[in-house]
Structure formats: C-alpha cells, structure tokens
Amino acid sequence: MPIEAVIAALSAAVLHAVWNALVKGGGDPLLDLALVWGGSAVLALFALPFVALPVAAAWPYLLLTLFVHMPYGLLLAAAYRAGSLSHVYTVARGSPPLLVALATAALGETLLPGQYLGIAIISFGILLTGFAPHAPLRATLLALCVALTIATYSVLDGLGARASGEPIGYAAWFFVLMGATFAGIVAAWRGPGALAAYAGTNWRRAAIGGPAGALGYGLVLWAMSFAPVAGVSALRETSVAVAAFIGWMFMGDPMSKRRIAGAMLVLAGALVLKLA
C-alpha cells in the first residue's frame, strides 16, 4: 500500500464519518441525506469545467455505481431511523472489506497474505467496536443490506476509476448525477415542497456534509486508481472508530471497553495492511 493511498483512505474515513453523523443527527435521515448529496453535487458542478470528462470505457461503471447508490441511500436512511449511529454504521461498514477482498480476488487482484490478515483484523475490529447484540433486528438487517450495496459499489468504483484515467473527473460527474437523481427521487416521494422547506432550515448540513462527502469520495477513487481496491476499501472503513467517537461525544452512544478495544484493533489492522 503506497503511503499516499494510506493517507488518502484514512482522510476519507474521517470525512465519511462526519457526513454520516450529520445524516443520523438530523431530524429526517432521508431528507438529510438528500441535502448532503445535493451539497456534494453543487460542489462537483462547479468543478466540472476544470476536470476531464471520463472516457467511454468508464461510463458503464459510473452508471452502474450510480444505480447501486440509489438503494444504498434509501436503505441507509431507513437504517438510521431504526438504530443508533454506532450500531448501523458498524454493521454497514464492517462487512464490506472482506466482501470486496473476495470480489477483487475473483477479478484478478490478489493481495499478499499479510494484507488479507490486515483486512480481516480491520473487519473484526470494526464489528467489535460498534456491534450491539441487543439492537433492533430491523436496524441490523437494514445495515447488512447497506453493506451489500457498499461492497458492490466499491468494486465498481475501483474498476471505474482505473478505466477513467481521471478519477477526480469521474468523481465529479458521479456526484452531479447522483445528487440530482437522489434529490429527484426524494422530492417525488416526499414532495418537492417538503424537501425545499427542510433545506431552508437545515442547509448547514449540505454546506458541511456536501464537501465532506465529495472530497472523501474523490480521495478514495484517486487511491483506488493506483492501489489495491480491497486495501483502500478496508482503510476507509476505519471511519467506524471515528463514528463511534462521534456517537459517544455528541449522540449519547455508550463507549465501553469493548468499543475501545475494537477501535485499537482497527488501527492495528491498518498498520498491518500498510506494512504487509
């Protein structure tokens, strides 16, 4: 794992935890997610004149990941309505690293044994950090569904970023299309007036979460363009440790010895992954 990819993935982890906390901490996760992704789309729109258009080979991946992100967003909002930030985020982000490692291995991207060990340690540490055995079953099942969409779009993103030759341009076009599409779905579902009224009083979530989401996604795609997709995906999921801290500090989630031990395992796994 090149040091640049490690730094990019860890930075993206912090940014990812921040925008997820904003979505969970708002009054309506679905509308909050539409605002955050809409904020990312506005930022990406201003960037379009300065980035390259993805090549033709990248567009199938871009459109497929756009398609997968729609159920991802709807399921994520439903999961946050059903459960706590720490639990939902943990289950949703703890499973994909191993799934991505298996998927990319099937596609021909093999890792060293030590790298697989690092990914396994990160995944175990993530689940130890925030999994709540007595959490509502609905929240757990929804979070597992979210995990499947995350694993799917992570593989698509890695392939698309490499095919595009210009991961930042790929990310910019993706966010413009995703923000507009998801906002359209939410507006049709809840009514355009409801989304506009909510945005009028909660625009700060878009102002903070939008740039965090866009920058974090761009960093991950850039890292995936030259580093192992499974490794980058695993490092990004260290965001669970950050989310657990945010949940403890600002949302009343408990911080037990188990969660502290899990966070330490996540960091140990990241170190193993880097040194392998």
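Give the residue, chosen from Leu48, Leu22, that is more than 26 Å from Ser164 (Cβ to Cβ) and either modelled with pLDDT of 90 or more or touching a Gly at 6+ places or on another chain (Cβ under 6 Å) (or both).
Leu22
Are any residues in segment 73-100 among the small types (Gly, Ala, Ser) and touching a Pro at 6+ places or on another chain (Cβ under 9 Å), and if so, which ones?
Matches in segment 73-100: Ala77, Ala78, Ala79, Ala82, Gly83, Ser86.
Take segment 156-201 and flag every residue that is over 19 Å from Leu43 (Cβ atoms), charged (D, E, K, R) and touching a Leu at 6+ places or on another chain (Cβ under 9 Å).
Arg190
Of everything in segment 37-69, what is in contact with a Ser or Thr (Cβ under 7 Å, 6 or more places away or on another chain) and of a type in the set (A, V, I, L, M, F, W, C)? Give them in sequence order.
Hits for segment 37-69 are Val55, Ala58, Leu66, Val68.
Looking at Gly210, is it touching a Gly at 6+ places or on another chain (Cβ under 6 Å) and either part of a helix (DSSP H, G or I) or closer than 16 Å to Val23 by Cα (or both)?
Yes, satisfied.
Identify the residue in segment 127-163 that is touching a His at 6+ places or on another chain (Cβ under 9 Å), of a type in the set (A, V, I, L, M) and in a helix (DSSP H, G or I) and, among all such residues, is farthest from Val55 (Cα to Cα).
That would be Ala139.
One residue is enough: does segment 219-242 have a residue meeting the conditions crowded, with 19+ Cβ neighbours inside 10 Å, under 21 Å from the mean Cα position of the chain (by Cα), part of a helix (DSSP H, G or I) and aromatic (Phe, Trp, Tyr)?
Yes, some residue in segment 219-242 is crowded, with 19+ Cβ neighbours inside 10 Å, under 21 Å from the mean Cα position of the chain (by Cα), part of a helix (DSSP H, G or I) and aromatic (Phe, Trp, Tyr).
Based on what the data block shows, is Leu102 among the hydrophobic types (A, V, I, L, M, F, W, C), over 18 Å from the mean Cα position of the chain (by Cα) and outside any helix (DSSP H, G or I)?
So Leu102 does not fit the description; no.
The values are calculated or read from the model by the stated rules, or taken from the named source; none is laboratory data. All values derive from a computational prediction rather than experimental measurement. Cβ: placed from backbone, ideal geometry, glycine included. Neighbour counts: every protein chain shown.
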